[in-house]
Every structure is written in C-alpha cells, then in structure tokens.
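Each remark here refers to the structure printed beneath this line.
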Amino acid sequence: MKSILLPTDFSMNSENAIKYAIALFKNIECNFYLLNVQKASSFISDDMMVLASSATIYQTIIDVSKKSLHNLIAKLELKYKNERHTFHSIVDYDNFIDSINQITINKNIDLIVMGTKGASGLEKVIFGSNTVHVMQRCVVPVLAIPDGCLFTKLDKIAFTTNYLTLNNIEELKPLKDLLSLHHSKFYVLHFDDVHGTSNQKNENKEFLKAHFNNITHKNIDSYSKDSYKTIEEYIHSNNIRLIAMMRKKHSFLERLFNRHPEETLAFNIDVPFLVMENA
C-alpha cells in the first residue's frame, strides 16, 4: 500500500492536484494524507472578532481547518467511491517545510503530490515558492501538478539526465512504478554537459537499459542558449505526459530554479513534474 501526502490550502489549484493523485493511483491501494499547515499570520482579523472569550486563536484556527478537511474528504469519498483509497486529515501549526518533513517520516510517505500555482503576464513563474522548497528540501519524491492540469492517459513519460551518475535503482523506483502502472513509453533526454564524460553517459545508458524497457533516447545540448526551449518543444511535440528528473547539486533542476526572470518567462512546464533524490 502506498502512502501519499497531499498538502492543501483549500485552493482550486491544490484540490486539482488531489484529484490528479486520486486518478493517477486509481487502481492502487493508497493511504492519502491530506495536510493543511496553518500559521498565526493566516488568521484574519474578522475571524478574531467572533471568537468566544474562552477560545484561543490557535484552537479556532485548528478547528476551522479540521472542518474544512473533513468536508473536502467527504466530497472526495462521495465523488470517487474507491474502496482502494483511504483518506486521512492532518492539521498542523508549524513551518510548512518542517511540517511536511516530520509527517513524511512519521507516516512513511512514499510520494508528495502538490499543485503549482499559475500566474500570468510579468509575474509568470514555473513553480510557487512552496513547491520549489518542498522539491529542494524534502527527502521523498515530489510530484508537482501544474495549475489546471487534468489527468489523462500517462502513455509517455520523459526522464532527463546529465552527468549525474545513475547506479541506484531504488532512487528511480517512483518513476519505474509509474511506467509499470500505466504501461508508459519511456523517453530519456540526455544532456550533453561539459562536466560529463562519454564513458559516464554510456554507463548511464546501460544502467537505464538494464532496468527499463522500450527506451527512446534524445541528446540535448544543455548549455546552448535555446536548451530549455528545446526541452519544452520536445515535451509538446512528443505529447509527453510527465517529465521526471533527479535532484542534486549542479543538476538541470538546480539550474532551472536559479534561472534569471527573463529566462523563466520563456520556459513553461505544463505537464506533471516528478523530482527524485539522487544521493
């Protein structure tokens, strides 16, 4: 049985990510932990005005959040009626990342699924700050669902590699599970990186070949001016349904998050984005 953590702030964006996770694991037994993290600054003055004299701000915040989670779970159970899925609610009053890491350990979480906030115009960004922080600091894989992205047949999955050494199949287990579960075709994008060696790239190809079937390889110059645009076009032209990568210093993921604003405006990922840790 899988244990999936679903952070939510009760927005349409986070609810969409929850629905995506439910559809993604439709045929798998899962414990879904819906988490809402609160902090004192989120409590607005209008609510404080109606507090009973014996109530505390803290308890009121928690009670409101618990009720909202209860209502959300009731709605999900009524809509999906999936006996394989069990929903649990968790309310925490803590730092967002600290809360997620603690629950991840306590509940033996296999995967975190969360939404990414959409934006427009000059404010356009790839991911919201919470999503980026979770990807960078949490110890389990994270699946980010773009704003408005609905689940469709996961028939094509892409995985990016550069000069990272691939030698532990357990690190790639979330990817392998999804490929197997949805009988997906597997596309591997190899970054031609100045730090890499041809031997290392060949070793990575052999490693992937030994553990995965039906691989399509594509080489990309990761230091060219248009490399991000190339990836975006590859995703769209090949109808890629999900893209996965490893998290490690100097990886493509790190460079993606540290790009200049004008570069960010030119690159958009509108498919689910799986990030796995490379020790």
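Listed here are the residues, each with its yes/no results for (1) in contact with a Phe, Trp or Tyr (Cβ under 7 Å, 6 or more places away or on another chain); (2) at pLDDT below 80; (3) over 30 Å from residue 10 (Cα atoms).
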{"site": "122", "(1), (2), (3)": "no, yes, no"}
{"site": "138", "(1), (2), (3)": "no, no, no"}
{"site": "147", "(1), (2), (3)": "no, no, no"}
{"site": "157", "(1), (2), (3)": "yes, no, no"}
{"site": "160", "(1), (2), (3)": "yes, no, yes"}
{"site": "164", "(1), (2), (3)": "no, yes, yes"}
{"site": "185", "(1), (2), (3)": "no, no, yes"}
{"site": "205", "(1), (2), (3)": "no, no, yes"}
{"site": "221", "(1), (2), (3)": "no, yes, yes"}
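Residue-wise test of (1) among the β-branched types (Val, Ile, Thr); (2) at pLDDT 70 or above; (3) closer than 20 Å to residue 130 by Cβ.
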| residue | (1), (2), (3) |
| --- | --- |
| 15 | no, yes, yes |
| 18 | yes, yes, yes |
| 23 | no, yes, no |
| 31 | no, yes, no |
| 41 | no, no, yes |
| 44 | yes, no, yes |
| 47 | no, no, no |
| 50 | yes, no, no |
*Out of all the residues in the stretch 71-94, which are under 14 Å from residue 33 (Cβ atoms) and surrounded by fewer than 16 Cβ atoms within 10 Å (Cβ to Cβ)?*
86, 88
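The values are calculated or read from the model by the stated rules, or taken from the named source; none is laboratory data. Quick caveat, the model's predicted, so the values are computed rather than measured. Heads up, the Cβs are rebuilt from the backbone with ideal geometry, glycines too, and the neighbour counts pull from every protein chain shown.
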